[in-house]
Amino acid sequence: MSKLEELIDELCPNGVEYRTINSISERIVSGGTPKTSNRLYYGGEIPWLRTQEINFCDIYETSIYITEKGFQNSSVKWIPENCVIVAMYGATVGKVAINKIPLTTNQACCNIQLDSEIASYKYVFYCLSSQYEYIKSLGQGSQTNINSQIVKNLKIPVPPRPIQDEIVRILDNFTKLTDELIAELTTELTAREKQYEYYRDKMLACDKKIPMVKLKDIATDIYRGTGIKRDQVTSDGIPCVRYGEIYTTYNIWFDKCVSHTQIEYVSAPKYFEHGDILFAITGESIEDIAKSVAYVGNERCLAGGDIVVMKHKQNPKYLAYVLSTYEARWQKSKGRIKSKVVHSNVPSIENIEVPLPSLEVQERFVNVLDNFDSVCSELKIGLHDEIELRKKQYEFYRDALLTFAETGNIIAQTDRQTDRRDKCN
């Protein structure tokens with residue numbers, strides 16, 4: 001029998017009371033402290049937490065510090081350390097964090113100061129983390145926002161403090177081990193990606209025997225696409241590509257579009273066809289700007305705005321591979337236009353130089369790189385799957401530890417773990 005099981009048998013043999021967050025808290029601050037829009041007040045001494053920084057983590061610092069004059073009223077709602085903070089709006093709604101420093105938050109946070117005699121802040125953090133999907137499902141609106149009343153009414157099992165402390169000890173150790181394992185797997189994944197890039201670049205490196213050409217010299221046509229808004233993407237219709245998908249969805253080449261639209265939505269349609277190279281000329285980083293991909297499908301598709309289409313008579317996969325090398329990416333970055341978003345343009349793309357062997361040699365390069373890419377992709381998929389498996393294993397174990405019979409529902413020692421497992425499924 002484990003120490004936790006001994007504590008449960010001794011301190012709550014008849015089950016555990018489920019209580020609302022409001023009933024175990026000394027103070028709940030919702031709404032935070034709204035700041036002004038004036039950036040002149042940035043760089044102060046008051047840490048101000050935004051919902052996007054809440055991601056099942058400990059908060060030791062914030063990305064924004066503001067002076068007292070930077071808030072819309074002079075009364076800053078300070079939150080003492082070791083509160084449990086729940087994001088109520090936006091992309092992180094339902095996620096939780098613990099602040100390890102006194103701070104204030106934006107209006108989209110619900111900040112819970114617990115009664116330490118009743119509940120451990122770390123125990124409540126783990127409980128609410130395990131309820132993330134359920135909390136998110138309670139939201140309303142396009143971003144599934146929740147409010148402080150929903151948070152206050154959430155129920156969690158509240159066993160005696162010794163049991164909470166033992167669960168926290170177990171989960172802290174398991175969290176540490178899981179994080180270390182995931183970090184090792186992530187490092188391995190990064191190493192494999194770098195290994196692949198090294199050999200690809202080595203193979204496609206400039207050779208004095210292979211002529212260097214500018215893209216404008218091999219392009220038979222080059223032009224920009226036409227804007228397709230997010231709300232104009234439909235489940236069927238004409239296949240299309242929006243520029244963001246070049247970063248998020250497609251790799252070196254693709255043969256089918258994930259998006260479609262209706263022709264009436266596009267005032268001046270621009271098409272791409274088999275073999276064309278697509279460049280995304282708007283992005284968030286210099287390193288990724290003008291990422292390119294080859295289309296090797298057979299349908300006629302629409303190119304969205306901020307996409308440049310290049311037609312040519314070369315091997316499309318070869319061009320896609322050579323345009324993904326470090327040398328080509330460095331040339332793409334030189335054509336950026338400085339602003340909050342990074343941009344490139346047609347003249348910059350036209351002036352990119354690449355080695356261009358004969359079509360026969362291009363084909364041999366593609367055969368080797370396709371095989372190498374396939375092997376590396378299988379390795380990456382395996383590592384991704386292993387990381388996801390470890391995350392699910394952790395979540396299952398955490399949820400099992402935090403599952404109790406309610407008061408009055410006595411369960412035998414041999415059935416307790418089964419009861420927890422059933423509640424997790």
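The values are calculated or read from the model by the stated rules, or taken from the named source; none is laboratory data. Note that this is a predicted model, so its numbers are computed, not measured. Here Cβ is always computed from backbone atoms with ideal geometry, including for glycine, and neighbour counts include all displayed protein chains. Note: accessible area is taken over every heavy atom of the protein model, side chains too, but ligands, DNA and RNA are not part of it. Shrake-Rupley method; radii C 1.70, N 1.55, O 1.52, S 1.80 Å.
Backbone geometry of the stretch 299-314 corresponds, through the Karplus equation with coefficients 6.51, -1.76 and 1.60 at θ = phi - 60°, to 3J(HN,Hα) couplings of 7, 8, 10, 8, 9, x, x, 6, 10, 10, 9, 10, 9, 6, 10, 9 Hz, x marking Gly and Pro.
Quote the FRET efficiency, to the nearest 0.05, computed for GLU284 versus ASP115 with a Förster distance R0 of 41 Å and r equal to the Cβ-Cβ distance.
Numbers: r = 44 Å, r/R0 = 1.07.
Between GLU284 and ASP115 the formula returns 0.40.
For the pair TYR326 and LEU379, the difference between a 0.36 nm per residue extended length and the Cα-Cα distance amounts to 16.9 nm. Using a simple spin-label model with pseudo-atoms 7 Å out from Cα toward Cβ, ASN73 and VAL341 lie 3.7 nm apart.
Given a Förster distance of 60 Å, report the FRET efficiency between ARG161 and ASN298 from their Cβ-Cβ distance, rounded to the nearest 0.05. E between ARG161 and ASN298, to the nearest 0.05, is 0.35.
Kindly sort THR20, THR186, THR105 by accessible area of their heavy atoms, largest first, with the probe set to 1.4 Å. Intermediate results must be reported in sequence, preceding the final value.
Values: THR20 35, THR186 60, THR105 0 Å².
Ranked list, largest accessible area first: THR186, THR20, THR105.
Available extension along the chain between THR20 and GLU184 is 55.2 nm, counting 0.36 nm per residue and deducting the alpha carbon span. Aspartates and glutamates within cross-link reach of LYS194: Cα-Cα under 20 Å, excluding same-chain residues under 8 positions apart? Partners found: GLU184, GLU287, ASP288, GLU327, ASP370, ASP373, GLU378, ASP385, GLU386.
Among the listed pairs LYS209/LYS256; LYS136/LYS391; LYS152/LYS391; LYS77/LYS391, which are separated by more than 24 Å between their Cα atoms? Don't jump to the answer; show the numbers that get you there.
Details: LYS209/LYS256 36 Å; LYS136/LYS391 19 Å; LYS152/LYS391 28 Å; LYS77/LYS391 35 Å.
Violating the 24 Å Cα-Cα cut-off are LYS209/LYS256; LYS152/LYS391; LYS77/LYS391.
What number does the stretch 143-252 give for Rg over Rh if you use C-alpha atoms and the Kirkwood radius?
Details: Rg = 26.5 Å, Rh = 21.9 Å.
My calculation of the ratio gives 1.21.
Per-residue 3J(HN,Hα) values for the stretch 183-188, derived from phi via the Karplus relation 6.51 cos²θ - 1.76 cosθ + 1.60 with θ = phi - 60°, read 5, 5, 5, 5, 4, 4 Hz in sequence order (x marks Gly and Pro). Take the chain with all the other protein chains still there, run a 1.4 Å probe, and you get 52 Å² of accessible area per residue.
What do you get for GluC sites (Glu not before Pro) in the stretch 40-82 restricted to DSSP loop and a cutoff of at most 15 other Cβ within 10 Å of the site's Cβ?
Numbers: sites: GLU45, GLU53, GLU61, GLU68, GLU81; in loops: GLU61, GLU81.
For GluC sites (Glu not before Pro) across the stretch 40-82 that sit outside H, G, I, E and B with at most 15 neighbouring Cβ atoms in 10 Å, the list reads GLU61, GLU81.
Ignoring lysines fewer than eight residues from LYS3 along the same chain, the ones with Cα atoms less than 24 angstrom from its Cα are LYS122, LYS176, LYS423. I'd like the distance separating the alpha-carbon centroids of the stretch 347-386 and the stretch 199-235, in whole Å. If you average the Cα positions of each part, the centres end up 13 Å apart. Per-residue Karplus couplings for the stretch 123-128, computed as 6.51 cos²θ - 1.76 cosθ + 1.60 with θ equal to phi - 60°, are listed in order as 5, 5, 4, 5, 4, 5 Hz, Gly and Pro entered as x. Computed extension length for ASP231-GLN52: 62.0 nm, one decimal, from 0.36 nm per residue of separation with the Cα-Cα distance subtracted.
State the percentage of accessible surface on the stretch 157-256 attributable to carbon and sulfur atoms; use a 1.4 Å probe and exclude ligands, DNA and RNA.
Details: 3110 of 6050 Å².
That share works out to 51 percent.
Each pair of Cα atoms in the chain enters the Kirkwood radius, and Stokes-Einstein at 25 °C and 0.890 mPa s then converts it into a translational diffusion coefficient of 95 µm²/s. Per atom type, the stretch 308-369 shows carbon and sulfur on 55% of its accessible surface, probed at 1.4 Å.
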